[in-house]
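Below: one structure, written as structure tokens.
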Amino acid sequence: MGFRADGPVLAKVGWAAAFLYAACAALRLARFNTQAGSTDKRWFIGLASPAAAALVVSFVWAMNTFGYSGQGLRWLALCVTVAAGLLMVSRIKYFSFKGFPKGERVPFSCWP
């Protein structure tokens, strides 16, 4: 049902969020392809598209695991979708794990 229960204007807000996510994913991939040869391989500029998709899917999965679903989460789901889309086109640097030599362990701790 989604935002249609709240009226036709808010139904368009849901569609706009979905379009924003798709448009940001396309822009993210276009930027990645144009900067592939000129940037530092250790960093992604903007959240990678698979990571953004994992963010949205993990939100749905976590809410289902905790017993939440349906109409009560539509606004939070909208926020997570918009945030994931905007993080893809942001200028924030994310570590790509490509700089590690083969066989070296990936540090998952923030402390030394």
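The values are calculated or read from the model by the stated rules, or taken from the named source; none is laboratory data. Keep in mind that this is a model prediction, so the values were computed, not measured. All Cβ positions, even for glycine, are placed from backbone atoms using ideal geometry, and neighbour counts span all protein chains on display.
As an exercise: evaluate Val9 against (1) part of a helix (DSSP H, G or I); (2) in contact (Cβ under 8 Å) with a residue 24 or more places away in the chain and give the number of the one condition it does not meet.
Going through the list (1) part of a helix (DSSP H, G or I); (2) in contact (Cβ under 8 Å) with a residue 24 or more places away in the chain, Val9 breaks only (2).
For the stretch 61-82, how many residues meet the condition of being of a type in the set (A, V, I, L, M) and either outside any helix (DSSP H, G or I) or exposed (fewer than 15 other Cβ atoms within 10 Å of the Cβ) (or both)?
Residues flagged as of a type in the set (A, V, I, L, M) and either outside any helix (DSSP H, G or I) or exposed (fewer than 15 other Cβ atoms within 10 Å of the Cβ) (or both) within the stretch 61-82 amount to 2.
Go through (1) in a loop (DSSP other than H, G, I, E, B); (2) modelled with pLDDT of 80 or more and name the single condition Gly103 misses.
(2)
Scan the stretch 51-76 for residues that are under 12 Å from the mean Cα position of the chain (by Cα) and farther than 15 Å from Ala22 by Cα and jot them down.
Matches in the stretch 51-76: Ser58, Phe59.
Go through the stretch 51-74 and give me each residue that's modelled with pLDDT of 90 or more and of a type in the set (Ser, Thr, Tyr).
Hits for the stretch 51-74 are Ser58, Thr65.
Between Ser90, Ser58, which is outside any helix (DSSP H, G or I) and among the small types (Gly, Ala, Ser)?
On inspection, the qualifying residue turns out to be Ser90.
Given the conditions (1) under 13 Å from the mean Cα position of the chain (by Cα); (2) at pLDDT 90 or above; (3) not acidic (Asp, Glu), and given that Ala48 satisfies all but one, which numbered condition is not satisfied?
(2)
Which pairs have Cβ atoms under 7 Å, sit 6 or more apart or on different chains, and link a residue in the stretch 45-71 that is more than 28 Å from Val89 (Cα to Cα) to one that is surrounded by fewer than 12 Cβ atoms within 10 Å (Cβ to Cβ) and charged (D, E, K, R)?
Listed by first residue and then by second, the contacts come to nothing, as the list is empty.
Would you check if there is a residue in the stretch 11-29 being modelled with pLDDT under 85, farther than 18 Å from Lys93 by Cβ, touching a helix residue (DSSP H, G or I) at 6+ places or on another chain (Cβ under 9 Å) and exposed (fewer than 11 other Cβ atoms within 10 Å of the Cβ)?
Looking through the stretch 11-29, none of the residues is modelled with pLDDT under 85, farther than 18 Å from Lys93 by Cβ, touching a helix residue (DSSP H, G or I) at 6+ places or on another chain (Cβ under 9 Å) and exposed (fewer than 11 other Cβ atoms within 10 Å of the Cβ).
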